[in-house]
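Visitor: Next up is a structure, given as structure tokens.
Values in this text are rule-based calculations from the coordinates and carry no lab data. The shown structure was predicted, so the numbers you read here are calculated from the model rather than taken from an experiment. Cβ atoms come from the backbone with ideal geometry, glycine included; neighbour counts cover every protein chain shown.
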Amino acid sequence: MSGAERLHNRINLTSIPFTDRGSRLLLFRSQHQFAIRLAERWVKWEAEVGHYRQRPPLVTDFTFLDSDGQPLTELNVETTPHAVSITTALGRFTWLFLDPETLLLSLPSARCGLRFSLYAQQAAADFRGATLRGKRNLAYTTNARILANHLDPLDADHFQATLQLDAHAGQALLLNITPRLGFNRSIPDPAAALDAARRRWDAWFDAVPPVLDHLRPQYDYAWWIMRSGLVNTRYFFTREALLPSKVHYVGVWHWDQVFHALAYRHVDLQLAEDQLRIVLDHQRPDGMLPDAIHDEGLVTHLAQPVDADVTKPPIITWAVLKMQESHPHPDFLAEIYDPLTRWNAWWMNVNRAPDGLCLYQHPFSSGLDDSPLWDAGMPVVSPDLNTYLVLQHDSLAAIAEMLGQTEAAARHRAEAVRLLDAMLTHLWDEQTGLFRARHADALLPTRTPFGLLPLLTGRLPRPVGDRLVATLTDPQQFWTPFPVPTVALDDPAFDPWQMWRGPSWININYLLVEGLKQSGYEMWAAELRRRTLALVMGQDDIYEYYHPLTGERPPKAAPMFGWSAALFIELALEETAWQQPGHNA
């Protein structure tokens, strides 16, 4: 059975839409009707059309009709990654993607009808269907015999199309939704198009590495997210890139892209590298990399909750080296070495505290947007940031050595040692067994697992490492049934429902698994890995974050979440390798 077949009916069309690689189109179902939303932001039109998460679909109330024009309400709907099949009293209709901007609906051999509403300001019917113009342009086209084609205005921005067709086998309706002036109105053979769509998905699943059988259902779904969540190039999207969540976060946030790249390296190295290139493409002259990239532009500065430049944690270089270890590509290292050194220099030159450590000047630069670590104000000297910078210097040193830059390598290694020593001097708190964040020369009281991340350096003094592991595995603090909460259970700021104030995040768990391995705590790494895999497998979808006590989805957690899927894949592959005969624990 193929991966696509194993995902039969996993795409439920309510919370999980039918979509495809590169596409901005999302097909949903509500009872006997269908709708098509766009994964686009349209910030310049928000005052007119609303925020993209609440914006009405572009195509709504798509209804199948019988020969008398009455709705077909008894539908048997089946989904696979490549098709949505709807069996009715008249026969089977099948949706599939022809290309990122075009859906094909194959028709049964019957007299049937279709009715749907479209968001547009201008419309013109013709003998094959109609074209409509607006914020996005639409065309519907059929090669079935048209008995009636009514295109009626509902208001200034909406038209209702009603078609009556005399259809035969091999005929279809084409729905093209595009920002372009030209339309795709060429209808292929539906059977050939369906076979091509199936083959594209089969090739994707055939390329993924194998995992243990009990991990396979969620593993296949994670790889579905990794392909279906990609969008094509457009405006500031200089590369094909995975959105964090195609239904919730439309844009590229740069530390998300790092985690996405780790999974893609197993199936397509260029796709993995492009997740990093899209961020590096937009580097500022001073070396800073943007917080986020949207179709319409970049996020590099925000006035709220403080007025400051905003970026994301410096982990790209660490990921590049991790990719290099498993998939050597020296030319990629040469391509990105200078941008990465400028990125490192920006952190070290612009964000340095008097004690030589570095600080966050905007809370969003941490990626931990609403963490209680920022409640006392900014800037904050934080152990996670300085851990990432130790890793960045170590990784730049390794890359420099591969490129023959021995003097630069020595400088980076010395700087990594200096930063780690400064962290031990200024941020280590023996009493709580954590590295602590600092604001205005005072250690902050909130206890978070970000104070455990120095394990990632792999060269803490053993007593410090032991103390960190004891704190991590304390069930009164962080060792919950579904670890690791982003605030300690017994901390007054703990809130298991609110983003970075308590829920468990898969990326933080992954970094802690890596840190435990790097610091020589392999058995604890294996236990945290298994608990994290069980957490993700406990739900049908893959979410942004999870309740650390029950494993359920907090209401605001985004579905179809990219880095959770990518890192589930990473952890599943690690667990599979761990279970192989001859593995040395």
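Visitor: Scan region 1-105 for GluC sites (Glu not before Pro) in coil per DSSP, keeping those whose Cβ has at most 12 other Cβ atoms within 10 Å, and list them by number.
Guide: 74
Visitor: So which aspartates and glutamates can residue 44 reach, going by Cα to Cα under 15 Å and dropping same-chain residues fewer than 8 places off?
Guide: Straight-distance partners of residue 44: 295, 296.
Visitor: Go through [x] 25.9, 81; [y] 27.4, 96; [z] 24.4, 76 and flag the label whose value is the computed Rg and Dmax of the Cα atoms in Å for this structure.
Guide: Identified label for the calculated read-out: [x].
Visitor: To continue, here is another question. By the gyration tensor of its Cα atoms, with a ≥ b ≥ c the square roots of the eigenvalues, what is the shape of region 148-215: rounded for a/c under 1.5, prolate for a/b over b/c, or oblate?
Guide: prolate
Visitor: Could you order peptides 454-463, 477-486, 12-21, 379-388 by the average number of other Cβ atoms within 10 Å of their residues, highest first?
Guide: Answer by packing, highest mean first, reads 379-388, 477-486, 12-21, 454-463.
Visitor: Multiply the residue separation of residue 44 and residue 213 by 0.36 nm, subtract the distance between their alpha-carbon atoms, and state the gained length in nm to one decimal.
Guide: Contour length minus Cα-Cα distance gives 56.1 nm.
Visitor: Which of the three applies to region 455-575, rounded, prolate or oblate, going by the alpha-carbon gyration tensor with a ≥ b ≥ c and a/c under 1.5 meaning rounded?
Guide: It comes out oblate by the Cα gyration axes.
Visitor: Which value in deg cm²/dmol, rounded to the nearest 500, describes the helix-derived mean residue ellipticity at 222 nm for the chain, given -39,500 (n - 2.57) per DSSP H run of n ≥ 4 and division by the residue count?
Guide: After summing the helix terms and dividing by the residues of the chain, the value is -10500 deg cm²/dmol.
Visitor: Could you calculate the contour length gain from residue 303 to residue 540, that is, 0.36 nm times the residue separation minus the distance between their Cα atoms, to one decimal place in nm?
Guide: Stretched out fully, the residue 303 to residue 540 stretch lengthens by 81.5 nm.
Visitor: Return the subset of 246/556; 135/312; 246/517 for which the Cα-Cα distance in this structure is over 24 Å, preserving the input order.
Guide: Those over the limit are 135/312; 246/517.
Visitor: What span do the alpha-carbon atoms of region 3-201 cover on each of the three principal axes, reported in whole Å from largest to smallest?
Guide: 42, 40, 30
Visitor: So how do 214-226, 344-356 stack up, highest first, on mean other-Cβ count within 10 Å?
Guide: Ranking the peptides 214-226, 344-356 by packing returns 214-226, 344-356.
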